[in-house]
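Input: a single structure, listed below in structure tokens.
The values are calculated or read from the model by the stated rules, or taken from the named source; none is laboratory data. Predicted model, so just to flag it, every value in this text is computed and none were measured. All Cβ positions, glycine included, derive from the backbone under ideal geometry; neighbour counts span all protein chains shown. Ligands, DNA and RNA are stripped out before the accessible areas are found, and what is left, the full protein with its side chains, is counted by its heavy atoms. Shrake-Rupley method; radii C 1.70, N 1.55, O 1.52, S 1.80 Å.
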Amino acid sequence: MEFSTGQWLVIVAIFVWTGFVRSGIGFGGAALGLPLLLLVEDQPLMWLPIIGVHLLVFTTLTAGGRLRNIDWGFVRWSMSWMIIPKLVGVIGLLSLPTEWMVVFVFSITAAYAVGWIAQREVAVDAPWFDRLLLVVGGYVSGASLVGAPLIASVAIRKVALTSYRDTLFVLWFLLVTIKMTAFISVGIDLHFSWALALLVPAALGHVVGLRFHERMVHGDSRRVKRILGAGLLLVSLAGLVEIFWRS
């Protein structure tokens with residue numbers, strides 16, 4: 001695939017953005033970057049492996065040195081509910097309409113986001129509902145890699161704000177490893193050389209995002225929740241716009 005100089009500049013800027021979002025708020029790099037990348041080249045299987053490689057690299061570098069800051073109890077509990085639906089989604093044993101599932105994911109996530117922004121709890125206060133969100137998030141992340149915002153909306157309420165990003169990074173590493181293994185097993189080109197080249201702009205965004213995150217989590221907790229809510233809402237709206245644009 002050949003791109004013009006202008007297209008390459010846009011691609012580089014998008015990967016700076018995805019790096020910033022991923023490390024800054026802990027989620028949404030793919031959801032906020034992929035719709036923009038598809039405007040440059042409408043080939044999801046070209047961009048998703050590159051995003052996956054970057055996620056594995058940066059989650060390892062960031063969370064790998066902060067293992068004591070991870071809520072391992074939440075990791076074990078959430079993965080126990082997500083692993084089977086994740087595999088079902090990856091293997092395609094259950095074929096649900098992707099558009100319906102994506103709309104559900106981002107609609108629920110948007111409701112959570114509005115609650116965080118308005119400082120009013122809108123989530124259903126019932127264990128079964130959190131488990132349902134994890135099951136659906138696991139399935140959709142396996143089928144189309146857009147389940148992260150739904151999973152994050154559960155984690156943000158159950159994990160300490162100072163630990164949630166690193167905890168999410170462990171989950172993203174586990175879930176994306178499964179998806180990347182599936183890509184390799186069916187012979188999908190990972191575009192590894194491109195992924196390596198685009199690590200530079202992604203790393204720039206990542207470093208800026210790390211500084212933003214440190215300032216955010218040590219600020220006023222109400223302000224932090226509003227920022228996280230705004231991030232969730234932005235991710236949700238981007239996801240809904242993409243699904244309706246592509247349909």
- Query: Would you call GLY24 under 15 Å from the mean Cα position of the chain (by Cα) and touching a residue at least 24 places away in the same chain (Cβ under 8 Å)?
  - Reply: yes
- Query: Which of the residues belonging to region 190-215 are touching a helix residue (DSSP H, G or I) at 6+ places or on another chain (Cβ under 7 Å), at pLDDT below 90 and open to solvent by 70 Å² or more (accessible area, probe 1.4 Å)?
  - Reply: PHE212
- Query: Identify, please: which residue in region 148-174 is open to solvent by 10 Å² or more (accessible area, probe 1.4 Å) and of a type in the set (S, T, N, Q) and is, among those, modelled with the lowest pLDDT?
  - Reply: THR162
- Message: I'd like to know if region 78-101 contains one or more residues that are open to solvent by 30 Å² or more (accessible area, probe 1.4 Å), under 18 Å from the mean Cα position of the chain (by Cα), closer than 20 Å to ALA230 by Cβ and modelled with pLDDT under 90.
- Response: no
- Among the residues of region 130-147, is there at least one that is among the hydrophobic types (A, V, I, L, M, F, W, C), crowded, with 18+ Cβ neighbours inside 10 Å and touching a residue at least 60 places away in the same chain (Cβ under 8 Å)? yes
- Filtered residues of region 112-129 (kept if assigned to a helix (DSSP H, G or I), modelled with pLDDT under 75 and open to solvent by 20 Å² or more (accessible area, probe 1.4 Å)): TRP116
